[in-house]
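Taking it in order: structure first as C-alpha cells, then the write-up.
The values are calculated or read from the model by the stated rules, or taken from the named source; none is laboratory data. Predicted model only: the values in this text are computed from it and were never measured. When we count neighbours, we look across all protein chains shown, and the Cβ atoms used for this are built from the backbone with ideal geometry, even at glycine. Ligands, DNA and RNA are stripped out before the accessible areas are found, and what is left, the full protein with its side chains, is counted by its heavy atoms. Shrake-Rupley method; radii C 1.70, N 1.55, O 1.52, S 1.80 Å.
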Amino acid sequence: MPQTSGDLPALRRRSVNRILVLHGLSSFCYGMVFPFIGIHLAAQPGIGTTGVAVYYGVSGIANLAVSLLLASAAVRIPRHALGITGLLLWLGCFLLLTRGDTLVAAGAAAVLGGAGQGCFMAAIIPIVNSLVPPEERRQVFARRYQILNATLAAGSLVAGLFLTVFSREAITWLLIANAVGYLPVAFALGLARRVPEVAEAPESAQSAEGGKAGDAAVPAAPAAPAAPALGTALLVRAALGAALFQFGAYLIGYSQFEATAPLVADQLMDTGIGWISVMLTLNVVVIVLCQRPITKLLEKRPEEHGLRIAVALWATGLVLAGVTAFGPGPLQLTGLLLYAVFFALGECAYSCSFHPWLISKVPDGELTRASALCNSMMGVGMLFGPSIGIALITTDHAAWVWLPLAALCGLVALTTLRRGTRGTSSTPTDPDLVPAG
C-alpha cells in the first residue's frame, strides 16, 4: 500500500532513528577495539611496533585517496551503496586483522579500513540529511554526535573489564564482534533507500495526494529541477570554508586533544595514566550531559556563530590549561581537567553546527562529494596535527604547548567568515557557482 504524505515524516523519522541507534551499536563495538588495535598488532611477531605505524599510515593514505577520488567526481556512486560499501570494507579490515600476522596482512587491512572510512564518511551525512527537514538538522546531527560519543566510551569500558578477566588473546574476539557490528548499520542504510527523501517529497507526495493544503511536507509549488553537477573547481569553491574549518578543527582541535594532551600530561606534568583516563571520561560525560542544552541554545543562531563559539571554547580551555601550567601540580591538573570540559563544550557546539553549515553551502546532489572533501581535510588534519603538538612538547613546559595552540584557534575561527550559501534551494544562490551550459 503506498505511503500517504502524512505518513512520510513518521517514516523518515523511524528511518533516521534506526540509523542512529544501529550506528551507535557499531560505535559501541568499535569502542571495544580501538584502544587495543595497536596492542594487538604489536604482539604479532611478523608485525611489531613498526607495523603499527605502517598500519595507521597506510590507513590514513587510503582514506585520503578515496575521499579525494569521491570529491573529484571521477567516481560517482549512489550514497546508500557508497555507505554500505564502506561498512563492508570495514568488516573485511577487522576480520583480516584477526588472522593477519604479517606486515603485508596489516597493510592490506589498513587499505580496507582507510577506504571504508573514506566511503562511509562521505555517505552517512548526505543520507541522514536526506531524511531530515531543515529545521531539525541541528538536533539530529547533535544527537548523532552524542550517541556516538556515549557508545564509544561505553564500549571501551566494557572491553577494559572484559580483558581484565580474559587474556590479551581475547582481543581477537573483540575484533570479530566489531566486524559483525557493521552489518546492522548496512541493513539500516539498505532500508533507508526505500524511504522518500525530503527533497523528493513535494513531487511524489503531490502526485499522490493532489497537494493537501496545510501539509508542510507537500508544498503547492512543483519541485525545482535538479541542478547540474558542479565541476571540481566550483565544488571546492562552494565548500572551501567548510573544508578549511574541518582541516583546522582537526589540526588544532581534535588531534591535539586526542594525541598531544595525553603526552603533555604524561611527559611534562607527570599526572599518571589514571588521570589521563579521568580526563577522557570527563570529556565524554560533559558531551552526553550538555549536548542537548547547547543545541537548543544555538538552534536560532547562524551555523557560523556556533562554530565560532566552538573554537572560542577550545581556546578558553587551552588558555586555562596554559595559565595554570605555571602553578603547582594540583593547579596544573585542575587546568588539564578544565581543558577537557571546555573542549567537550566546544565539541557540542561543533556537532550541531558544522554539518548543517556544510549542507547550506552546496546543492543536495553534491553533498556526498562535499562530505568526501571535508573528510579528506579531516584526515590531513589528524595526520599532521600530532606533529605540531610533539614539536611544542620539546619546549619542556606545558604552558608553551597550550598557549600557542590557543593562539592558532584564531586562524581556525577565520574560516567561518560568511560566504554565499545556497539557502534551502537545490541550487547555489551564487550565480558564479552555477556551471555554464
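Brief remarks on what is shown
- Measuring nothing but how far apart in sequence close Cα pairs (under 8 Å, 6+ apart) lie, relative to its length, the range 1-113 scores a relative contact order of 29 percent.
- Entry note, the range 87-144: relative contact order of 32 percent, from Cα contacts under 8 Å with a spacing of 6+ residues.
- Full extension of the chain between L161 and V278 yields a length gain of 40.5 nm, computed as 0.36 nm times the residue separation minus the alpha carbon distance.
- Once the Kirkwood radius over Cα pairs is known for the chain, the Stokes-Einstein relation at 4 °C and 1.567 mPa s delivers a diffusion coefficient of 57 µm²/s.
- Dimensionless Rg/Rh of the range 38-126 - Kirkwood Rh, Rg from C-alpha atoms: 1.04
- Normalised alpha carbon radius of gyration of the range 52-180 [divisor 2.2 N^0.38 Å]: 1.20
- Computed over neighbours whose Cβ is under 11 Å from that of I124, the net charge equals +2, Lys and Arg +1, Asp and Glu -1.
- Equivalent ellipsoid dimensions for the range 260-380 as semi-axes, Å, which come from the Cα gyration tensor, largest first: 32, 16, 12
- The alpha carbons of the range 93-142 give a radius of gyration and a Dmax of 16.6, 50 Å, in that order.
- Relative contact order, percent, the chain [alpha-carbon distance under 8 Å, six or more residues apart]: 23
- Per-residue extension of 0.36 nm, minus the Cα-Cα distance of L191 and R99, leaves a gain of 29.9 nm for this segment.
- Among the trypsin sites (Lys or Arg not before Pro) found in the range 265-338, those both in a DSSP coil and sparsely packed, with 11 or fewer other Cβ atoms within 10 Å of their Cβ, are K300.
- With R₀ set to 51 Å, the beta-carbon distance separating H397 from L11 gives a calculated FRET efficiency near 0.35.
- Only Lys, Arg (+1) and Asp, Glu (-1) charged, at Cβ; the chain dipole about Cα centre in debye: 600
- Fraction of accessible area attributable to carbon and sulfur, the chain (%, probe 1.4 Å): 68
- Largest mean-square fluctuation among P293, P133, P184, in a Gaussian network model of the chain whose springs join Cα atoms under 10 Å apart, belongs to P293.
- Computed from label points 7 Å out along Cα-Cβ, the spacing between A43 and V180 is 2.0 nm.
- Two-site FRET efficiency, A170 against E135, from Cβ-Cβ distance with R₀ of 45 Å, rounded to 0.05: 0.45
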